[in-house]
Amino acid sequence: MLIAEHAFPNAVVNEGANLLLETMFRATPPVPWYIGLINSGAVLNNSDTMASHTGWTELSSYSEAVRPQWIVNNPTATRILVNAPADAGVLHFSGAASLGGAFLEDNSAKGGTTGRIFCTAIITPTLNLISGDAVAVSYQLQVT
């Protein structure tokens, strides 16, 4: 016989958040994660996968052959992982493009549809790029 059932919010403490970040992104050996770009006009959905993301398309018109790797610092009490400016991937554009967002994924294949997405983000305002532009790509992840 069920006596009672209760639902209540759960707060993740700094130690737990740091453990999550450390385990997911800095385990030994670490699973490499890569930064992908999203075209403007994106509509993001929690059910998005690399195989199916009908609300957006990947922006892959940069010259580099693969997505830049996300190289991160150690998580701190601020619960943040971020790649340092020195580790930012620089992407070069040889034509016009509209950058509307970014995502973290565990497959380096530019335009690929396999692998796992961890998160997506919209960039506002959209960045309208022209031929000759270079974009330094950094990604910050915070557990709140």
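The values are calculated or read from the model by the stated rules, or taken from the named source; none is laboratory data. Worth saying up front: this structure is predicted, and the values here are computed from it rather than measured. Every residue, glycine as well, gets a Cβ built from its backbone with ideal geometry; the counts of neighbours run over all protein chains shown.
The table that follows gives values for the structure above.
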item: Subset tally (residues that are under 20 Å from residue 131 (Cα atoms), hydrophobic (A, V, I, L, M, F, W, C) and in a loop (DSSP other than H, G, I, E, B)) for the stretch 14-73; result: 2
item: Test: residue 138 is at pLDDT below 90, polar (S, T, N, Q) and either more than 15 Å from the chain's Cα centre (by Cα) or closer than 30 Å to residue 16 by Cβ (or both); result: yes
item: Candidates 88, 65, 109, 136 - the one that is out of contact with any Gly (no Cβ under 9 Å at 6 or more places or on another chain), touching a residue at least 40 places away in the same chain (Cβ under 8 Å) and more than 30 Å from residue 12 (Cα to Cα); result: 65
item: Qualifying residue in the stretch 78-96 (condition: modelled with pLDDT under 80, out of contact with any Ser or Thr (no Cβ under 6 Å at 6 or more places or on another chain) and basic (Lys, Arg)); result: yes
